[in-house]
Structure formats: structure tokens, C-alpha cells
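See structure below.
The values are calculated or read from the model by the stated rules, or taken from the named source; none is laboratory data. Predicted, not measured: the structure shown is a model, and the values here were computed from it. Here Cβ is always computed from backbone atoms with ideal geometry, including for glycine, and neighbour counts include all displayed protein chains. Note: areas computed on protein heavy atoms with side chains; ligands, DNA, RNA excluded. Shrake-Rupley method; radii C 1.70, N 1.55, O 1.52, S 1.80 Å.
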Amino acid sequence: MNTQPFVLILLSAAQRLRLNDGTEVTTGFWAEELVVPWQILRKAGWRLQVVTPGGVPPLIDPESLDPSTLGGDHSRAAYLCDAVRQITGLRTPLDLDALTGKDLDTLIGVFIPGGNGPLMDLCQAPGVDRLLRHCVAAAKPIATLCHGTAALLATGGGADRSPFCGQRVTCFSAAEESATPLAGRWPYTLEKRLRQEGFRVSTGAPWQSHIATDNFILSGQNPASAATLTHVFIERLTSTPTYKGNNMNADALKKMAAEAALRYIQPGMVVGVGTGSTTNFFIAALGAAKIHVDGYVASSIATENRLKAQGLNVLDLNATGDIPVYVDGADEADPHFRLIKGGGGALTREKIVASAARLFICIADVSKDKPMLGKFPLPVEVIPFARSFVARQLVKLGGSPTLRNGVTTDNGNVILDVTGLDLSDPLRMEESINAIPGVLDNGIFAHRRADVMLFGSADGVIERKA
Ligand SMILES: O=C[C@H](O)[C@H](O)[C@H](O)COP(=O)(O)O
């Protein structure tokens, strides 16, 4: 098995749901509860591995693709059907019981989608008990969705109390169960069983998104909770010690994007070079590629030093005139190629070199690809004399500025990181902030957007051109 960190997607292998009246119906996983997290996690660059008890290929619960279950939405049903078909790992899942100690060490979190199948097998599989106890001991996050929360029952019973006892969780609620065609015939009421086992169960309004979070367990109530739960899971994944110690995932994607930018570099060019961890991979790639360019313009002292350490020729922007190409990273990028930059404090010189360039190639791991800008705190470079005055003006613009402690930029200034700004019109906000006396520049790159985005993703490099 590949030794790169991965997120384990645990699915039920049950094919029949035994009801309390002795009859049986076909069961499996709920399509939407696999497709939504799968797509979000893949887009964020995570490697995913499907695992089932016995390595049995899981079944889709046919109900979950029935348009009548999806509010009569036939196109949604067709979309989900197609999306499930594209998840090739479903045909060859790993066997939960055959996971080695090395496999457990390599996984960084577990996501358990619902469907009714988990009520049959995951709730009592010894392999689930072993897996979840490993996660608790190693501080790795677990997310359970809808009836996927039944998997937690596998850790209870006997002398060995469940490590999750007393934890706050949610699941498909009793109210929701009683509003389905299986009302009154469910094998057991999951909400009730969890309470009996000592879980603190919280449920929200039927069919509305509701999640519960506790130490290492994050749970979502129903299909509507899938996206929110996945985003919270990703936040938890990226803050676990396991991920931080093994940060190969993001780094591998940054490197992939950085190396893809080499194809834009031609002999005889002057090349502008940005700043940051992604750009550092680009500098390393330049050093190895030995392309006979005229020289490089650095956007920071750190980059200048790195270029020189690779034996590369650094030029003064005042001596080059306009430059053909600039390559740099970003903290966020929106679909219109507008960026937030400056997480490393280099925004002003970066914007100057980017503006002097005819082509701006932005390289990033795919987690920086956002529907809109604004989650990343906006860096603003401020002349120290004007710090408090500028902070007050930023508050008037709707922001909450925080001084970046102990940081002096290459230009001798301070950085205010601003949260809470409305960046729905990035161009206007870039102008408004730069109009405050004492601001040198801010990290919105809307006037000088990127021309090409290269995102490193689990599916290879995604290239977009403006
Ligand atoms: O000041 C730093 C730059 O704007 C960086 O390009 C940006 O913060 C992205 O950095 P990284 O490549 O380390 O994520």
C-alpha cells in the first residue's frame, strides 16, 4: 500500500437491512453522504482510501438514488449516480480487518458516511472498534454522518467502556426515522441506542444541517449536514499533530504546482520570483532545471537569498524594465483569478514585481482554490507611525485588525492581519484600504490578478487561464 498519509473512508459492507418485523430490504451506503465528502476532500487534496469489513465492495442504497427521495430531482439523482460511478476505489476496497499497524500509522483521519448499512455491520465489527480506538489514542479525527454514527456502538459493551462515552454526537434522529417509509420497522432507533450507551446525543430540526463536535469525534445528522461536516473535518485534520508531522500532502501538491510552472520559463527571459513555501519549491526546481535565463527578480530578501544559494543570477528590478513572467504563490484564489497574498509578509514587493510582469503564474496547492476571497485574514502593510490610525480606519471598513507580532517587513513596516472584511468586491476593497494614509499596500491582488492558476491536486495539476 502507498505510504502517503490518507483519509480512510469506512463504508458498510451490509447488503440487507433486517427490520424488526422479520422482513429485509436492500441496504448499503447513502450516495450523497459519500459523494459530497469525497468531492470536498479530493478537491482539498487529500488522498482517500475506501475500506469495508472483509474488503467487500459496498452497495449503494437504491433509495438514495431514487428521485422521490431527492424531492423529485431527477437530475440530482443522475448526477449522484454518475459521481458514485467515478469513485473507482469502491470496486476494490481494503479489508478493514487486514489493516496493518503501518496502515493505521499512515492514516490521518476516518470518515464514516451513512446509509442504513452501518446499523447492521459497522455497529458491531471488531475491526471498527480497533480502528476507532487507534484514532483516539493517536489523536486522529473521526467524522460520522447520519447512520454512520452507528459505528461508534462498536466501541462499547463489555468491561472495556467506549472511549466515546459521554461525548457529544449526533445521528439521523428518531424524528427523521419516523418520517421515512421504514417508520416503526427500523431494527433499532439509533438515537435511542446511543443515549443508552452513554453518548450525549444532540439532534436538530429534521432534514436540516446539524453537526456536533467533541474531542476526536465530529458527527453530522443527515445528508444535509455532509458538506459542513466535511469542512469541519478538514479543519480538524490540518490541525492534528499527525498531519503537522507528516505534512507531505500539502507539500507534495505545492511541489507539483511549482514544477508545472517551469514550462513557462524560456531561455533568455527575466523571471520574477515570489515568496513563500510554494515558491521555495519553484526556486528548487529552477536550480535543478538550469534554464539559461537572463536572471531573476526577487520579491523579497528571503527569495533573493534562496536564489543566490542555488547559484542563480539575481537582478535589480530597476535595471530590468518590464519582465516577461512572474511566478508566485497565494493564500487564497477565487474563480476570477483574484488573490489574497501576504501570509509571509512579502505582499508589497510581490505586487510590484507582479505588476511589472506581462504574465503572472500563480502556483498553489488546491486548498487555496476558494469560491470567494475572505476567509484568510487580509495582510495590510502599514508604516509603523500610522499603525493605530490605520487600525481604526480598518475597523470603520468592517474589519478586525490584529498586529502581526514581532514581524518587520523587508521595507521596515508592520503587518496588520484583518478579519471580518466583506470582500465580495475585492477590487473596491483593495482601493479603499490603499486609500488610507499610512497603508503601503494590502494583500488583495484584484487590480493585478493572476493570468494563470496552477493548482496541485490529488488528480494532478489543474491549470486555469484568465
Ligand atoms: O507573503 C507571502 C506570499 O504572499 C506568499 O506567496 C503567500 O503567503 C503564500 O505562501 P505559501 O506558498 O507559503 O502558502
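Between ALA183 and LEU48, the FRET efficiency estimated from the beta carbon spacing at R0 = 30 angstrom works out to 0.30.
The fraction of accessible area contributed by carbon and sulfur in the chain is 52 percent, rounded to a whole number (1.4 Å probe; ligands and nucleic acids excluded). Here ARG76 and THR100 are evaluated by their C-beta separation; at R0 = 30 Å the FRET efficiency comes out at 0.15.
Accessible-area rank, largest first, for ARG168, ARG338, ARG85: ARG85, ARG168, ARG338, with all protein chains present and a 1.4 angstrom probe.
Solvent exposure of the chain, expressed per residue, is 41 Å² of accessible area, with all protein chains present and a 1.4 angstrom probe. Spacing of the modelled spin labels on GLN4 and ARG91, each 7 Å from Cα toward Cβ, amounts to 2.1 nm.
Amide H to amide H distances under 5 Å link TYR326 with GLY272, LEU359, PHE360, ILE361, where only residues 5 or more positions off or on other chains count and H is placed in the peptide plane. Label-to-label distance, ARG464 versus LYS396, with points set 7 angstrom from Cα along the beta-carbon direction: 3.5 nm.
Pairs LYS375/LYS465; LYS368/LYS396; LYS255/LYS341; LYS140/LYS254; LYS308/LYS341: which exceed 21 Å Cα-Cα?
LYS375/LYS465; LYS368/LYS396; LYS140/LYS254; LYS308/LYS341
Neighbours of LYS254 by Cβ distance under 14 Å: Lys/Arg scored +1, Asp/Glu scored -1, total -4.
Here the chain is treated as an ellipsoid with the same Cα gyration tensor; its semi-axes, largest first and in whole Å, are 48, 24, 20. A helix-only calculation puts the chain at -8500 deg cm²/dmol for mean residue ellipticity at 222 nm, using -39500 (n - 2.57) for each DSSP H run of at least four residues, averaged over all residues.
Across the chain, C-alpha contacts under 8 Å between residues 6 or more apart give a mean separation that, scaled by the residue count, equals a relative contact order of 12 percent.
With contacts taken as Cα pairs under 8 Å at a separation of at least 6 residues, segment 252-465 carries a relative contact order of 23 percent.
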